[in-house]
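The values are calculated or read from the model by the stated rules, or taken from the named source; none is laboratory data. Since the model is a prediction, treat every value here as computed from it, not as a measurement. Positions of Cβ are generated from backbone atoms using ideal geometry, with glycine treated the same way; all protein chains shown enter the neighbour counts.
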Amino acid sequence: MEREKSPSKRNRRWLFAALRIGLAIGLAIIISQFRLNYLEGFFYDMRVRTRPAPHTSGQIVLVTIDTKTQEQLRRLPNADDFVHLFNQLHKSAPRQVLYPDDFNEIMGSYDQLEALAQAAKSVNLLVIEERELPDQGVEDEFRLLPPLQDLDVESGPTTADVYNFARDGVSRRLILDLEGRPLAEMKVADSLTGRNSVTDYRGVFTFKRTHQAYINYHPTGTYPKYSFVDVADGYIPSNVFKNKIVIVGKDNKADENDYVMTPYSRDLTAMSTAELQANMLDTLILNNAPIQVPYWVNLLITCLIAIVTVLIVLTLRPGRGLFILALTLTGYLFCSWVLFAADGIWIDVAHPLLTVFICYYFFIPYRLIIENRRSWEYYQRNNLLTQVEELKSNFLRLMSHDLKTPLARIQGMTEIALRDTTKLTPSQREAIKTISDSSQELTEFVGSILNLGRIESKEIKLQLKSRDINALLSETIQKLDYLAKQKNIRIVMEFEPLFSVKVDEDLMRQVFSNLVENAIKYSPEGSSILVTTEESNGRLMVQVADQGIGISADEIENLFTKFYRSRNVRDGAIKGSGLGLYLARYFVNLHNGQISVESEPAKGSTFTVDLPMDL
Ligand code: ADP
């Protein structure tokens, strides 16, 4: 029975629970202070790679100086080639042409370069320089060399996480402005979308002197791409570029500086700068940069995960705990993925993950200590109980032993007194008869207790002899006949002829005697009892069926336990010790047999003993 817990014990439990949760939160806060950018970057990239690729704005087309161009020209395009390109592009009226590279690098005579400047103007060329914006007032330094000095040049440095963030060299961010002055990408996007402030853009954060956002990447090859020579030679239909932003750049796998690593791939030539430019621009045009949730949300999540881990570790069984923990982690990773895939929302994964591991390894030894202490306590208690049990058994055995002799003497005396028929009045005779019956009952009880003692000290050894079970049953029933007659109960025997089997005669007699005696004890006057034997499949079945008070179903499993008496006999009207069936089952089991019962309250019970013919 569960005992009521005292208030102080309950308070202590709460205090312990609060302490553990406090410790978990403390750990979570400490872990959150660690910079886990590399790991976080890794999980971020995993999400980028596995989510469905986002849509593009459809506004951007790439023209690349690729291996085909270089093979055909046998050199990099010079000023004349660019003039051809721009003239072709001019025919299809693009919105703007971007050149994210060093435009002064293009070779040509002064005249050729003048023609280039002319052609570039006609397609609204914007040169995007890797260099940082010059200080205010000295912007002239940023101009191209004559005769290209009138072309538009804007600063648009690309980023790579080399010294900051994940430090793995991957380009994940774009810069919107420097000290409040918008850079190339934001200017182009602004002109297209009508926005004009960094606050109009999603996912913008401050870093050093800049405002930045994460690039909403598309896999390499997403944007339509045409070879420089094909465009310059007029092989591409003009409507392809109409009203589009055309980005012209190198993609000839010659120089690693023309490439960046992306969340999709850490190949040194994973994506050309021109395509990176397209991704950056599209992020701003569509205004769908991934958003990193605020620090406090991440901290809250980490704390919650820590608490859940500690509760799981301390309350669940280790195997199940580990399983549920793995499930929680997987669930969390899945949620983070769904949030990112659905709306580019980026929740921290590295800190919660580390928290789970640290909390797990921190609290497991703690749990082991608690469990060790508990099992030590159990061990002590168990030791004590065994000692008490031994004392009890010894006491019962000694007492029963000492009772046997005086009981035998009482019985002997009552028999002598009853034999003398002359001197006793009928009432004296009745009194002595009662004394005799009671001492007989007591002798049986003492016998049971002694048997119990023998069982518990494992003293019983089977004395097997070949016996005819039918004969053994008949003898037993005959001895109990006087009891049946007192209640006018008829005992019917239906025995099949049986071969002799090897049994311990004494023990089996006690079993049958107990079953038949119970059938008489727990049956009403005038009813009948059927005792049958049969043999089938090498087994011997003895059944004792009565029409008595029966036993309710919920009590049947307890019937064969020590000292158990069913509810309907506990008032003491029918005497008994509750040991008979316990001993019967023990004795039958010693013979490799089984004993069972089927019963219905107020209808009757059938006890079955099932013994192997060949022990
Ligand atoms: P007891 O000395 O009480 O008869 P047993 O171990 O022989 O002890 O039986 C245990 C309990 O099982 C009994 O107290 C009684 O409640 C129930 N029982 C046993 N045999 C019968 C029966 N034939 N009909 C109804 N109840 C029975």
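Quick notes on this one:
- Residues satisfying the criterion are present in the range 585-596 (criterion: within 12 Å of the ligand (Cβ to nearest atom), assigned to a strand (DSSP E or B), surrounded by 20 or more Cβ atoms within 10 Å (Cβ to Cβ) and not hydroxyl-bearing (Ser, Thr, Tyr)).
- For the range 551-562, the tally of residues that are under 27 Å from Leu396 (Cα atoms) and within 8 Å of the ligand (Cβ to nearest atom) stands at 3.
- Set Val83, Val97: member being of a type in the set (A, V, I, L, M, F, W, C) and not in a helix (DSSP H, G or I): Val97
- Of the listed requirements (1) buried (at least 16 other Cβ atoms within 10 Å of the Cβ); (2) modelled with pLDDT of 95 or more, Ala166 misses just one: (2).
- For Ser513, the requirement of being within 12 Å of the ligand (Cβ to nearest atom), out of contact with any strand residue (DSSP E or B) (no Cβ under 6 Å at 6 or more places or on another chain), assigned by TED's automatic domain parsing to the domain that holds Asn470 and under 23 Å from Asn470 (Cβ atoms) is met.
- Filter pass, Ile432 being touching a residue at least 24 places away in the same chain (Cβ under 8 Å) and not charged (D, E, K, R): no
- Taking residues in the range 559-580 that are over 23 Å from Asn451 (Cα atoms), and partners anywhere that are more than 8 Å from the ligand (Cβ to nearest atom) and modelled with pLDDT of 90 or more, not one pair has Cβ atoms closer than 6 Å while being at least 6 places apart or on different chains.
- The range 348-388, residues that are acidic (Asp, Glu) and under 25 Å from the mean Cα position of the chain (by Cα): Asp348, Glu371
Listed here are the residues, each with its yes/no results for (1) modelled with pLDDT of 95 or more; (2) in the same structural domain as Asp81 (by TED's automatic domain parsing); (3) on the phi > 0 side of the Ramachandran plot; (4) buried (at least 19 other Cβ atoms within 10 Å of the Cβ).
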| residue | (1), (2), (3), (4) |
| --- | --- |
| Gln96 | yes, yes, no, no |
| Glu114 | yes, yes, no, no |
| Ala120 | yes, yes, no, yes |
| Val127 | yes, yes, no, yes |
| Glu132 | no, yes, no, no |
| Leu144 | no, yes, no, yes |
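- Residue within the range 530-540 that is near the ligand (Cβ under 9 Å from one of its atoms), at pLDDT 90 or above and surrounded by 17 or more Cβ atoms within 10 Å (Cβ to Cβ) present: no
- Within the option set Leu39, Leu19, being exposed (fewer than 14 other Cβ atoms within 10 Å of the Cβ) and assigned to a helix (DSSP H, G or I) holds for one residue only, Leu19.
- Pairing each residue of the range 47-65 that is outside the structural domain of Ala342 (by TED's automatic domain parsing) and more than 20 Å from Phe334 (Cβ to Cβ) with any residue that is part of a strand (DSSP E or B) and of a type in the set (Val, Ile, Thr), provided the two are 6+ apart or on different chains, yields C-beta distances under 6 Å for Gln59/Ile245; Ile60/Ile245; Val61/Val246; Leu62/Ile247; Val63/Val246; Val63/Val248.
- Matching residues, the range 570-581, being touching a Phe, Trp or Tyr at 6+ places or on another chain (Cβ under 7 Å) and near the ligand (Cβ under 6 Å from one of its atoms): Ser577, Gly578, Leu579, Leu581
- The single residue among Leu281, Leu268 that is assigned by TED's automatic domain parsing to the domain that holds Leu176 and in a loop (DSSP other than H, G, I, E, B) turns out to be Leu268.
Residue by residue, here is whether (1) in contact with a strand residue (DSSP E or B) (Cβ under 6 Å, 6 or more places away or on another chain); (2) over 25 Å from Thr269 (Cα atoms); (3) not in a loop (DSSP other than H, G, I, E, B) holds:
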{"position": "Ala120", "(1), (2), (3)": "no, yes, yes"}
{"position": "Leu126", "(1), (2), (3)": "yes, no, yes"}
{"position": "Pro147", "(1), (2), (3)": "no, yes, no"}
{"position": "Pro157", "(1), (2), (3)": "no, no, no"}
{"position": "Ala160", "(1), (2), (3)": "no, no, no"}
{"position": "Tyr163", "(1), (2), (3)": "no, no, no"}
{"position": "Ala189", "(1), (2), (3)": "no, yes, yes"}
{"position": "Thr199", "(1), (2), (3)": "no, yes, yes"}
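- Restricting the range 597-611 to residues that are under 13 Å from Asp554 (Cα atoms) and more than 10 Å from the ligand (Cβ to nearest atom), the residue that is surrounded by the most Cβ atoms within 10 Å (Cβ to Cβ): Glu598
- Screening the candidates Arg570, Arg509 for the property of being basic (Lys, Arg) and surrounded by fewer than 17 Cβ atoms within 10 Å (Cβ to Cβ) yields one hit, Arg570.
- Condition broken by Thr64, with the remaining ones in (1) exposed (fewer than 14 other Cβ atoms within 10 Å of the Cβ); (2) in a strand (DSSP E or B) satisfied: (1)
- Residues of the range 98-111 that are within 29 Å of Leu192 (Cα to Cα) and either buried (at least 16 other Cβ atoms within 10 Å of the Cβ) or under 60 Å from the mean Cα position of the chain (by Cα) (or both): Leu98, Tyr99, Pro100, Asp101, Asp102, Phe103, Ile106.
- Options Glu415, Glu441; residue that is acidic (Asp, Glu) and touching a residue at least 40 places away in the same chain (Cβ under 8 Å): Glu441
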